[in-house]
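Structure record follows, encoded as structure tokens.
The values are calculated or read from the model by the stated rules, or taken from the named source; none is laboratory data. Computed from a predicted structure; not experimentally measured. All Cβ positions, glycine included, derive from the backbone under ideal geometry; neighbour counts span all protein chains shown.
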Amino acid sequence: MEACRALGIIPPTFPSVGSTATDSWGLEDENNADKCNCPIREKSPPLPTSLPLPPTEENRDKLEKWLLDYYRSSTFNVCTHQPLPSMTGPLMSLMIEDTKPVSHHTAIPVPIHWQE
């Protein structure tokens, strides 16, 4: 039990009544987003109209940091406690005409020994 508490598998108050409720302890719960230090997942910001610095080799690190900060709460947010945004729109379909499925059951020859 001590090992499970140390690993965070069970809360320190286990086995008291209500100590295993998922809304207050479970990692899969969306409410745990406020318990981590990740930024709140948001929609992507609008495309920038200009760069904050000239695009030179000397400014490369500063521009990289600026891009990472600009898209921090959307594109680069890898928090596992927050739900991912869902996609909308019609399902995609493959537009392949005049094709017929064919199965192949012949074995591909493989050399037994490879010699160089």
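Mind listing whichever residues of segment 39-63 are among the aliphatic types (A, V, I, L, M) and more than 18 Å from Ser74 (Cα to Cα)?
Leu51, Leu53
Select, from Pro90, Pro101, Pro83, Pro109, the only residue that is assigned to a loop (DSSP other than H, G, I, E, B) and either within 30 Å of Pro39 (Cα to Cα) or of a type in the set (Phe, Trp, Tyr) (or both).
Answer to the check: Pro83.
Report whether or not Ser103 is under 36 Å from the mean Cα position of the chain (by Cα) and of a type in the set (Gly, Ala, Ser).
So Ser103 fails the test.
Go through (1) under 18 Å from Asn77 (Cβ atoms); (2) at pLDDT below 80 one by one and return the number of the condition Thr20 breaks.
Failing condition for Thr20: (1).
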